[in-house]
Amino acid sequence: MPISVRVPPGRAGRMWLRRRLATAHRGREQLDRKLRILQPELERQRIRAARAHEEWERACAEVRRWTTRTALLGGQDAIRHAAARQPARLELEWTTSMGVSYPSGARLVPPPEPPAVVDNAAVVPAVAATGTALAAGVLTAAADEAVRRIEAEIDVTRRRLHALDKRWLPWLSAALADLELGLEQAEHEDGIR
């Protein structure tokens, strides 16, 4: 039996239990529908995250290549001077599916001012590669967060569905059957009297 629920006596209790049983069945249908919608969305987001990870790893390899060249040609000072003076901004796009909000896209807005002095040929490609890697990293983080949020919602929905199937629906059905049996017996006794 779920938490102690006080069922009203008599016919009022029968109506009370029938309404709650109908509500529990509708809730079960809605949770099942939610799962059927969220599971394909989770697979789409996992594919998106895997592609984003691959792109990010490629971009990071390119950054390593160009920063190594920049450091070899101009030392650490060349890398320090190529750094932007202001931080980049992040703009997220959000989507909601079945009550779950998750990032569906992200865009990196680079700082407005270009690097100060370019003193070797590797600085410009290194800055471009870093911007590409940063944008890919932002997309990867957004995709990972979408997967995490959808997985968490699916887990909660499964637990709720399990609670309905294993606890509430059986308890409500048994309580209704017991109450109807008691009402039938009372009516039968009244008829005999």
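So the values come out like this:
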| read-out | value |
| --- | --- |
| Output for region 66-92, where each listed residue is of a type in the set (S, T, N, Q) and touching a helix residue (DSSP H, G or I) at 6+ places or on another chain (Cβ under 8 Å) | T67, T70 |
| Unmet requirement for E113, which otherwise passes all of (1) charged (D, E, K, R); (2) surrounded by 12 or more Cβ atoms within 10 Å (Cβ to Cβ); (3) assigned to a loop (DSSP other than H, G, I, E, B) | (2) |
| Unique residue being closer than 20 Å to T130 by Cα, of a type in the set (D, E, K, R) and at pLDDT 95 or above when the list is R58, R69, R46 | R58 |
| Single residue of region 137-186 satisfying the filter (without any contact (Cβ under 8 Å) to a residue 24 or more places away in the chain and open to solvent by 90 Å² or more (accessible area, probe 1.4 Å)) that is farthest from E57 (Cα to Cα) | Q185 |
| Residue match in region 121-134 (condition: of a type outside the set (D, E, K, R), over 20 Å from the mean Cα position of the chain (by Cα) and not in a helix (DSSP H, G or I)) | yes |
| Near pairs, Cβ below 8 angstrom, 6+ apart or cross-chain, from region 7-36 (in contact (Cβ under 8 Å) with a residue 24 or more places away in the chain) to any residue that is open to solvent by less than 50 Å² (accessible area, probe 1.4 Å) and among the β-branched types (V, I, T) | G13/V7; L17/V7; L31/T157; K34/T157; L35/I154; L35/T157 |
| Qualifying residue in region 7-24 (condition: within 26 Å of the chain's Cα centre (by Cα) and either of a type outside the set (G, A, S) or at pLDDT below 90 (or both)) | no |
| Residue match in region 48-61 (condition: assigned to a helix (DSSP H, G or I), open to solvent by 40 Å² or more (accessible area, probe 1.4 Å) and either in contact with a Lys or Arg (Cβ under 7 Å, 6 or more places away or on another chain) or under 30 Å from R160 (Cβ atoms) (or both)) | yes |
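The values are calculated or read from the model by the stated rules, or taken from the named source; none is laboratory data. Source: prediction; values computed, not measured. Here Cβ is always computed from backbone atoms with ideal geometry, including for glycine, and neighbour counts include all displayed protein chains. These area figures cover heavy atoms from the full protein model, side chains too; ligands, DNA and RNA do not enter into them. Shrake-Rupley method; radii C 1.70, N 1.55, O 1.52, S 1.80 Å.
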